[in-house]
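**Q** I am attaching a structure below and will ask some questions about it afterwards.
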Amino acid sequence: MSIALTGATGFLGLRLLRSLLERHGSLTLLTHAASGDALARITRFLEVTGAPERLIAELPTRVRVVPTDLSRPRMGLTAARFGELANALDAIWHSAGSINLEGDLASLRRVNVEGTRTVLELAAAGTRRPVIHHVSTAFVAGARREGVVYEDELDDTHGFENAYEQSKYEAETLVHAWSRTHRRPVVVLRPSILVTNLPPDPDLPRHPLQVMDQLVRDALRATGLADAHRARPDLPVARLVGRRYGHLNMLPVEDAARQMVRLAEREPSGRVDTYHIVHEHDVPVVAVTELMERLAPLRTRLVEKRPDDVSALEAAMDFYPGITPYLSHLRRYDSTRVRTVLGAPRTVTRVDVDYLLSGIRPTRPAPPAVAPAEARP
Ligand SMILES: NC(=O)c1ccc[n+]([C@@H]2O[C@H](COP(=O)([O-])OP(=O)(O)OC[C@H]3O[C@@H](n4cnc5c(N)ncnc54)[C@H](OP(=O)(O)O)[C@@H]3O)[C@@H](O)[C@H]2O)c1
């Protein structure tokens, strides 16, 4: 079976690559030409995550790297090369995209919508009628904050929290139209927020919670409060619009990749099969605010509406419109289809504040619980 993967150098794509290589002998990687040596970055990921030496050594012979630009017609390939590639494939995994939550709609559409269109064109051109595995997001549900979101649902009646969500929604509608027109199967995989407890590494892709950490630190620096705790014992308070009983779904990225690859073993129905790739337990919003407090010298308070007397710190934190609305989310994702195919999760990784913290800041050794014997009086 000949498989292509886009986005193999990304936070999720790296784990998909690893899971796919556990089941398939070789892969074609449609990498991002503009970002340079994909193979070196993938090798680095495998080293950091302790992959078997044999896999690392075999990598150059097991993957074929095709540098592309998904936002350009035919991925930036010549017509002949595009046709040759299309005719060689049985399946295409499309994980490339822009996850910039503060990006503008035009730039996000170029990668997320036009990139998906190009992948669909590649699949349409292939004589072997490759199956597409399209990585979407649970956040195509948009600004709907309550209730249960079902895997079959796709509508824009609630609007969107940010342009990222809208671009991913538009990409999914494109997938549905393509499947109807071409009478071809597509598997749509909708992960929730993907997280890791792997400590950050400058050579590895950043993930959404690292961006949140950056937001808080930037806000403190911009308002001159970064060192406030050193000057005075009382920490600055940031009132954030959010719900005390709100919750968000966060899934370890490794679990997400494994679930997706297992779902791909099922014969597709012939239409669009959509799966919510989610954790069975949500993370309370208060855990997210606790995380902020452990990352930065501040205290948070959830409030119902934006105060009239917004402080400089609060204004700076609210500047990042992509993230703060999620503190008001109470919705849940139904994943009956996933459970029907895969059964109950074999292992459930607990996603709590300590887990999330490990994936954002290098772990510092905890101070000793008791003073060393020689220091005692
Ligand atoms: N991360 C999450 O929490 C999350 C949650 C739900 C859904 N998703 C979805 O999962 C998918 C992967 O996300 P991720 O977290 O892996 O994102 P990421 O770390 O930002 O990776 C994005 C990937 O897309 C590639 N790419 C970007 N622009 C490209 C272009 N013009 N042409 C070709 N390749 C391009 C990047 O290549 P370079 O890095 O080499 O430039 C990278 O491999 C996305 O579709 C995203 O919407 C992610």
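**Q** Between a residue in the stretch 10-35 that is farther than 15 Å from residue 265 by Cα and assigned by TED's automatic domain parsing to the domain that holds residue 94 and any residue that is aromatic (Phe, Trp, Tyr) and surrounded by 17 or more Cβ atoms within 10 Å (Cβ to Cβ), which pairs come within a Cβ distance under 6 Å, given they are 6 or more apart or on different chains?
**A** Pairs found: 14/45.
**Q** Further question on the same structure: Have a look at 271, 301, 306, 331 and point out the one that is exposed (fewer than 14 other Cβ atoms within 10 Å of the Cβ), touching a Lys or Arg at 6+ places or on another chain (Cβ under 9 Å) and at pLDDT 95 or above.
**A** Testing whether each residue is exposed (fewer than 14 other Cβ atoms within 10 Å of the Cβ), touching a Lys or Arg at 6+ places or on another chain (Cβ under 9 Å) and at pLDDT 95 or above leaves just 271.
**Q** Take the stretch 171-184 and flag every residue that is crowded, with 18+ Cβ neighbours inside 10 Å and not aromatic (Phe, Trp, Tyr).
**A** Selection gives 171, 172, 174, 175, 179, 184.
**Q** Let me ask something additional. Return the total of residues in the stretch 185-195 being surrounded by fewer than 22 Cβ atoms within 10 Å (Cβ to Cβ) and more than 15 Å from residue 137 (Cβ to Cβ).
**A** Here the count works out to 1.
**Q** Could you please tell me which pairs satisfy a Cβ distance under 7 Å, a separation of 6+ or placement on different chains, a first residue in the stretch 197-214 that is at negative phi, and a second residue that is of a type in the set (Lys, Arg) and not in a loop (DSSP other than H, G, I, E, B)?
**A** Pairs that qualify, where the first residue is at negative phi and the partner is of a type in the set (Lys, Arg) and not in a loop (DSSP other than H, G, I, E, B), are 203/41; 203/44.
**Q** For residues that are crowded, with 17+ Cβ neighbours inside 10 Å and in a helix (DSSP H, G or I), scanning just the stretch 77-109, find the one that is nearest to the ligand (Cβ to nearest atom).
**A** Among those residues, the one meeting the criterion is 108.
**Q** Among the residues of the stretch 214-225, is any at pLDDT below 90, within 16 Å of the ligand (Cβ to nearest atom) and outside the structural domain of residue 113 (by TED's automatic domain parsing)?
**A** Within the stretch 214-225 (the criterion being at pLDDT below 90, within 16 Å of the ligand (Cβ to nearest atom) and outside the structural domain of residue 113 (by TED's automatic domain parsing)), the answer is yes, since at least one residue qualifies.
**Q** Any chance you could count how many residues in the stretch 10-44 are closer than 18 Å to residue 71 by Cβ and either more than 12 Å from the ligand (Cβ to nearest atom) or modelled with pLDDT of 95 or more (or both)?
**A** Selection size over the stretch 10-44: 10.
**Q** Limited to the stretch 120-138, what total is found for residues that are touching a helix residue (DSSP H, G or I) at 6+ places or on another chain (Cβ under 8 Å) and either of a type in the set (S, T, N, Q) or assigned to a helix (DSSP H, G or I) (or both)?
**A** Of the residues in the stretch 120-138, 9 are touching a helix residue (DSSP H, G or I) at 6+ places or on another chain (Cβ under 8 Å) and either of a type in the set (S, T, N, Q) or assigned to a helix (DSSP H, G or I) (or both).
**Q** Starting from the stretch 105-121, take each residue that is in the same structural domain as residue 132 (by TED's automatic domain parsing) and polar (S, T, N, Q) and list its partners that are more than 10 Å from the ligand (Cβ to nearest atom) and assigned to a helix (DSSP H, G or I), counting only C-beta distances under 6 angstrom and pairs at least six apart or across chains.
**A** Here the result reads 116/174, each pair linking the stretch 105-121 to a residue that is more than 10 Å from the ligand (Cβ to nearest atom) and assigned to a helix (DSSP H, G or I).
**Q** Oh, and also: Look at residue 151 and say whether it is at pLDDT 95 or above, in a loop (DSSP other than H, G, I, E, B) and surrounded by fewer than 16 Cβ atoms within 10 Å (Cβ to Cβ).
**A** no
To keep it simple, each residue is scored yes or no on (1) within 21 Å of residue 16 (Cα to Cα); (2) touching a Ser or Thr at 6+ places or on another chain (Cβ under 7 Å); (3) part of a helix (DSSP H, G or I).
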| position | (1), (2), (3) |
| --- | --- |
| 251 | yes, yes, no |
| 254 | yes, no, yes |
| 257 | yes, yes, yes |
| 266 | yes, no, no |
| 270 | no, no, no |
| 288 | no, no, yes |
| 294 | no, no, yes |
| 309 | no, no, no |
| 346 | yes, no, no |
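**Q** Quick check on the stretch 124-134. Is at least one of its residues of a type outside the set (A, V, I, L, M), at pLDDT 95 or above and within 14 Å of the ligand (Cβ to nearest atom)?
**A** Yes: the stretch 124-134 contains one or more residues that are of a type outside the set (A, V, I, L, M), at pLDDT 95 or above and within 14 Å of the ligand (Cβ to nearest atom).
**Q** May I pose another question? Among the residues that make up the stretch 1-9, is at least one of them in a loop (DSSP other than H, G, I, E, B), more than 28 Å from residue 359 (Cβ to Cβ) and modelled with pLDDT under 95?
**A** There is at least one residue in the stretch 1-9 that is in a loop (DSSP other than H, G, I, E, B), more than 28 Å from residue 359 (Cβ to Cβ) and modelled with pLDDT under 95.
**Q** Return yes when residue 153 is within 14 Å of the ligand (Cβ to nearest atom) and either among the aliphatic types (A, V, I, L, M) or farther than 30 Å from residue 49 by Cα (or both) and no when it is not.
**A** Spelling it out, it is not the case that residue 153 is within 14 Å of the ligand (Cβ to nearest atom) and either among the aliphatic types (A, V, I, L, M) or farther than 30 Å from residue 49 by Cα (or both).
**Q** Take the conditions at negative phi, loosely packed, with under 14 Cβ neighbours inside 10 Å, in the same structural domain as residue 134 (by TED's automatic domain parsing) and within 16 Å of the ligand (Cβ to nearest atom) and apply them to residue 73. Does it pass?
**A** Here the answer is yes, as residue 73 does meet what is asked.
The values are calculated or read from the model by the stated rules, or taken from the named source; none is laboratory data. Quick caveat: nothing in here was measured; it's all calculated off a predicted structure. As a convention, Cβ positions derive from the backbone with ideal geometry for all residues, glycine included, and neighbour counts pool all protein chains shown.
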